[in-house]
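Notes follow once the structure below has been shown.
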Amino acid sequence: MYPDLSPTLLIALAAAAELASLLLFGRANTLWRSPGMLQYPQRFLVIRSVLVLVWVHLGVWAIAPEGLAASYPAVASSSLWLLLLGMLGGLGLLLFSLSIRSMPAQLVFFGGSLHLIVAVCVGWLLGELVSPLRLLVIALLLGAQILVLWRDRASWSSLRGAARLMPFVVGVIWGTYFPLYGLALKQWGFWPTVIATEWGVLLLMLCWFAFRRSGTWRDAGMWRAMTEQSVLSSVAQVLSGVALWWGGVIFHSILTNFNVVVNLTAFKIRFGETTSLRYLGYFLLYIALAAALVLGS
């Protein structure tokens, strides 16, 4: 999976892969507002997870048959850890889809900006050096986020119950999941990790469905929406894995946060949502500090 290219070109290709991933996810995320998601989201997520596994297996079979043949034996010794990692990612997907189906997009994706902060903390726990510059960046980002939250407290206070915390919980989950996913890619290989973690996602969705069986399978709109969502998200997930594989965890975490602009634009085009300039201002500050974090690391 490592092309014989210069490090600079490899980083550029990683950036291109992650940008393509974000654009695909931007469209895929709008499908979580399909009719029926409010009434029986568990069926949407089960269908999506099954179809993603189908597309991933077909894709690996088409572009790397040896990867498919070697994946399951390689996973055998590490299946529990990779399944648990996939279930963590599935929990993030579950909470994210429940948030985005009814909450304003700017609140959902703004909460997800905790991704890099948590990713750096997880990196530190895993033995990665955290320099004074990194600590300064984290402190400034937290301060900026608290300021934006305070200025827009009316929007947050209008949310009910756990919905106020949901975006931040998702940000913490993604910030933990992707660094561990990057480590898994290097430890157990690209295709075994992709396949095993998708089985973990499906396992979590089936467990949730076992306790929440409302709804019907005969909703044609649900099948159409989740077929498109699964195709887009499976390709996007593989591209994001490539960016992790080629560019590293911190680089990937920084690029991932461009989803704020990509997704807010997608939801503005699709649903006509308005976006507060303070959120975009925070995003610009985030990118500037993240760039300082990379240059000084």
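The values are calculated or read from the model by the stated rules, or taken from the named source; none is laboratory data. Small disclaimer: the values here were computed from a predicted structure and weren't measured. Cβ atoms come from the backbone with ideal geometry, glycine included; neighbour counts cover every protein chain shown.
Data table
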item	result
Residues that are basic (K, R) and either surrounded by 21 or more Cβ atoms within 10 Å (Cβ to Cβ) or at pLDDT below 70 (or both), drawn from segment 253-297	R278
Residues satisfying the stated conditions in segment 200-218, i.e. surrounded by fewer than 11 Cβ atoms within 10 Å (Cβ to Cβ) and part of a loop (DSSP other than H, G, I, E, B)	R213, S214, T216, W217, R218
From A196, A210, A184, A243, residue being over 19 Å from S99 (Cβ atoms), out of contact with any helix residue (DSSP H, G or I) (no Cβ under 6 Å at 6 or more places or on another chain) and among the aliphatic types (A, V, I, L, M)	A210
Count of residues meeting criterion [crowded, with 19+ Cβ neighbours inside 10 Å, touching a Leu at 6+ places or on another chain (Cβ under 9 Å) and at pLDDT below 85] in segment 180-190	3
Residue within segment 116-132 that is surrounded by fewer than 18 Cβ atoms within 10 Å (Cβ to Cβ) and either at pLDDT 80 or above or among the polar types (S, T, N, Q) (or both) present	yes
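One line per residue, one yes/no per condition, for (1) modelled with pLDDT under 90; (2) in a helix (DSSP H, G or I); (3) crowded, with 18+ Cβ neighbours inside 10 Å:
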| residue | (1), (2), (3) |
| --- | --- |
| A14 | yes, yes, yes |
| L24 | no, yes, yes |
| R27 | no, yes, yes |
| M37 | no, no, yes |
| F44 | no, yes, yes |
| V52 | no, yes, yes |
| L68 | yes, yes, yes |
| L88 | no, yes, yes |
| G92 | no, yes, yes |
